[in-house]
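Notes for the one structure printed next.
The values are calculated or read from the model by the stated rules, or taken from the named source; none is laboratory data. Only a predicted model underlies this, so the values are computations on that prediction, with no experimental measurement involved. Cβ placement follows ideal geometry from the backbone for every residue including glycine, while neighbour counts extend to all protein chains displayed.
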Amino acid sequence: MGSFDGLLLEVLRYAVLGLSAWALVDALIRPASGFVAAGRLTKPAWGAITALALVITYFLPVLSFLWLPAVIAAIVYLVDVRPAIRGLHRGKSSW
């Protein structure tokens, strides 16, 4: 039976993996013109950043040196870039 700390780290690992995967998939399905129109980095740049974040969180141990920048990159995409791109498309809606 695992310790509480081990269980907590595994939950953290899977939560961050899911977060990074969500950021990558979302970056890949958004139109490239939305990134430029929102004044953010280009779609290939955010695709590479989120893909690298996913690779780091998958292969490196939890709380390693590169884990924090990877988590921050995924969070920045989901909190800052994604709403800006989605807001552009909502503004054109007839609803």
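For segment 11-40, which positions are free of Cβ contacts under 8 Å to residues at least 24 places away in the same chain and within 18 Å of V62 (Cβ to Cβ)?
V11, Y14, A15, G18
Here is a check on your reading of the model: is L54 surrounded by 11 or more Cβ atoms within 10 Å (Cβ to Cβ) and at positive phi? Write out each step before concluding.
Values: surrounded by 11 or more Cβ atoms within 10 Å (Cβ to Cβ): yes; at positive phi: no.
When the stated conditions are applied, L54 does not pass them.
State which residue is nearest to the chain's Cα centre (by Cα) when the search covers only segment 25-38 and only residues that are surrounded by 14 or more Cβ atoms within 10 Å (Cβ to Cβ) and part of a loop (DSSP other than H, G, I, E, B).
To start, the set of residues in segment 25-38 that are surrounded by 14 or more Cβ atoms within 10 Å (Cβ to Cβ) comprises 26-27, 30, 34-35, 38.
Still in the list and also part of a loop (DSSP other than H, G, I, E, B): 30, 38.
On the way: R30: 13, A38: 17 Å.
Among them, the one singled out is R30.
Looking at segment 12-23 only, could you name the residues that are more than 17 Å from P83 (Cβ to Cβ) and either over 16 Å from the mean Cα position of the chain (by Cα) or not charged (D, E, K, R) (or both)?
L12, Y14, A15, V16, L17, G18, S20, A21
Can you tell me which of L9, L41 is modelled with pLDDT of 90 or more, surrounded by 12 or more Cβ atoms within 10 Å (Cβ to Cβ), within 16 Å of the chain's Cα centre (by Cα) and not β-branched (V, I, T)?
Working: L9 fails: within 16 Å of the chain's Cα centre (by Cα).
None of the others qualify; the one that does is L41.
Has segment 85-93 got any residue that is among the hydrophobic types (A, V, I, L, M, F, W, C) and at pLDDT below 95?
Here is the first cut: in segment 85-93, the ones among the hydrophobic types (A, V, I, L, M, F, W, C) are 85, 88.
Right, trim to at pLDDT below 95 and you get 85, 88.
Yes, that holds for at least one residue.
Here is a list: L54, L60. Which entry is free of Cβ contacts under 8 Å to residues at least 12 places away in the same chain, among the hydrophobic types (A, V, I, L, M, F, W, C) and in contact with a helix residue (DSSP H, G or I) (Cβ under 8 Å, 6 or more places away or on another chain)? It would help to see each step written out before you state the result.
Numbers: L54 fails: free of Cβ contacts under 8 Å to residues at least 12 places away in the same chain.
Of L54, L60, the one residue that is free of Cβ contacts under 8 Å to residues at least 12 places away in the same chain, among the hydrophobic types (A, V, I, L, M, F, W, C) and in contact with a helix residue (DSSP H, G or I) (Cβ under 8 Å, 6 or more places away or on another chain) is L60.
For the structure I just gave you, tell me whether L68 is surrounded by fewer than 14 Cβ atoms within 10 Å (Cβ to Cβ) and modelled with pLDDT under 95.
Values: surrounded by fewer than 14 Cβ atoms within 10 Å (Cβ to Cβ): yes; modelled with pLDDT under 95: yes.
Spelling it out, L68 is indeed surrounded by fewer than 14 Cβ atoms within 10 Å (Cβ to Cβ) and modelled with pLDDT under 95.
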